[in-house]
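*Asks:* A single structure is presented below for examination.
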Amino acid sequence: MAQPHNDETTASAGASDAIQAIRTLVDARDIRAAKQQLRRSQAHFDDPTWAMVGEIANTLRYKTHDVALTKLRKLWRDNEQHRALIEACAPKTDDGQYIPDNQPAAGRQTEGPRRPSGRVVRRVDPTRRAGPRERTGSAGAARVDAYEDQFDAEERREQGTPRPELIVDRRDYDRDAAAEVTEPLCVSCRLERACLDRWTGQITTGHGDDGLCGPCREEGRPGIPELPLGHSRSQAIRARLDTIATNFDSHNPELFRHEWRYGDHLTKSVTEAWVKQHNPNVVVRPTAAAKLADFNGECTECGDWRQLRDDLCVDCHEGLNGDVVIAGTLDPLTIKGSFNRDINDDAAVEQQALALGDTSKADRAGYLEEFQRRLEAGGPQDNSAARKPSDHANRTRTNSEAPTPNAARSNGRAVETSSKEAAVRRRQQLRNQATAATTSRARRI
């Protein structure tokens, strides 16, 4: 064994002297002075020495005298540097350091009934003993066995194996908890009746069920009248239907739907006959089918089956312009409408003016100067800047010879008619071109 350090031995010796002083104060029953001496001595103890003091205190407190001495002897053998401290703390006799558990009250029975000391022999009739394969066990054990049989050996051996997929329970527990109403309702309040109500009142005397629930019967509300003795079940069903019709003053078939739905075959047949008898003129009207909006049809202009707007297809409609790809071609063709638009874009006006081929350079330069002057004078919303100078002269010359309003309207109709005819001819040309392109392409293929 390694030799203890001199400092530890010195500290243990000082601790043993302090323990002896504390023990003297305890024997003198000066507990307060003993506590003060322990607090002063704690400041001079190192950590190993103070840990040994705590170990000795716990041993003396929680162990009996014999067990505590045995453990202290073991500590004395294993800790040579603390032998003086252990010898100072070891009790010479059983001074009551051990604190036992609280004992039960005197006279209280703490032990169960004792078994008889003699030998108990239990005899079982061999003829009544079932074999291992014949034992069925309880119903719960059978369900557990059936549940475990669903798993293979690996899943049964490894309890923490996750399931391959989640268990989805789609049951409605609220609906399952509520009992389904399959019995006839009260003929007065139309609420569910208790089981006892169906065997209370006039039915006990053989005059049939009154059809009332407990509260309605106590309030004296009218129910099914008494039926003669020996009545048939069909008579009881008809009497019930008559009472419901009288209480609610109606023979509407919807009122007797519950009676028909939850009744047996006889109840359904009698209810159907009774409803037809009291509702002879009921006509079942067929449900009107909803009319769906149809956006496709035959164009009134070209006769093609296309998507229409205002009975015109996209090619014939004057308000729908754009690039249209003809069937059988690859490049889009621009189909322009026949109506005139007022151009408010100055850049578009200028580009249109420059695109005119019959305008000379001098006229073009003069037109640009006049256009700039009119644009500065009239502002961006003045459409007069979009006209050439010659237009104003022509307008001034023709104002004196302006036709009458009727002549102007007739001229407008003629222009519009000619524009439409030109558009029709243009569409026919495009169709011919598309047909020719498709034919030539098919020949090449």
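*Asks:* Mind listing whichever residues of the stretch 162-203 are touching a residue at least 60 places away in the same chain (Cβ under 8 Å) and of a type in the set (A, V, I, L, M)?
*Replies:* Those that are touching a residue at least 60 places away in the same chain (Cβ under 8 Å) and of a type in the set (A, V, I, L, M): 181, 185, 187.
*Asks:* Here's a follow-up. Select from the stretch 194-220 the residues that are out of contact with any helix residue (DSSP H, G or I) (no Cβ under 8 Å at 6 or more places or on another chain) and not in a helix (DSSP H, G or I) and write down the one among them that is farthest from residue 274 (Cα to Cα). Talk me through it step by step, then tell me what you get.
*Replies:* Of the residues in the stretch 194-220, the ones out of contact with any helix residue (DSSP H, G or I) (no Cβ under 8 Å at 6 or more places or on another chain) are 195, 198-199, 202-207, 215-216, 218-220.
Okay, now just the ones that are also not in a helix (DSSP H, G or I), so 206-207, 219-220.
On the way: 206: 24, 207: 22, 219: 29, 220: 27 Å.
So the residue we want is 219.
The rows are residues; the columns are (1) farther than 19 Å from residue 271 by Cβ; (2) crowded, with 17+ Cβ neighbours inside 10 Å.
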residue	(1), (2)
178	yes, no
184	no, yes
187	no, yes
196	yes, no
218	yes, no
223	no, yes
242	no, no
253	no, no
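*Asks:* Identify, please: which residue in the stretch 27-83 is among the acidic types (Asp, Glu) and either part of a helix (DSSP H, G or I) or without any contact (Cβ under 8 Å) to a residue 12 or more places away in the chain (or both) and is, among those, surrounded by the fewest Cβ atoms within 10 Å (Cβ to Cβ)? Step through it out loud before you land on a result.
*Replies:* As a first pass, look at the stretch 27-83 and keep what is among the acidic types (Asp, Glu): 27, 30, 46-47, 55, 66, 78, 80.
Next, from what is left, pick out any that are either part of a helix (DSSP H, G or I) or without any contact (Cβ under 8 Å) to a residue 12 or more places away in the chain (or both): 27, 30, 47, 55, 66, 78, 80.
Numbers: 27: 10, 30: 13, 47: 7, 55: 17, 66: 10, 78: 9, 80: 14.
Filtering the stretch 27-83 for residues that are among the acidic types (Asp, Glu) and either part of a helix (DSSP H, G or I) or without any contact (Cβ under 8 Å) to a residue 12 or more places away in the chain (or both), the one surrounded by the fewest Cβ atoms within 10 Å (Cβ to Cβ) comes out as 47.
*Asks:* Between residues in the stretch 219-231 that are charged (D, E, K, R) and residues that are outside any loop (DSSP other than H, G, I, E, B) and surrounded by 10 or more Cβ atoms within 10 Å (Cβ to Cβ), which pairs lie under 6 Å by C-beta distance while being six or more apart or on different chains?
*Replies:* Pairs that qualify, where the first residue is charged (D, E, K, R) and the partner is outside any loop (DSSP other than H, G, I, E, B) and surrounded by 10 or more Cβ atoms within 10 Å (Cβ to Cβ), are 226/202.
*Asks:* Mind listing whichever residues of the stretch 226-240 are surrounded by 13 or more Cβ atoms within 10 Å (Cβ to Cβ) and of a type outside the set (Val, Ile, Thr)?
*Replies:* 226, 227, 231, 234, 235, 236, 238, 239, 240 - these are the residues of the stretch 226-240 that are surrounded by 13 or more Cβ atoms within 10 Å (Cβ to Cβ) and of a type outside the set (Val, Ile, Thr).
No value in this document is a laboratory result; all are computed from the given coordinates. Everything numeric in this text was worked out from a predicted model, so none of it was measured. FYI the Cβ positions are ideal-geometry reconstructions off the backbone, even for glycines, and counts take in every protein chain you see.
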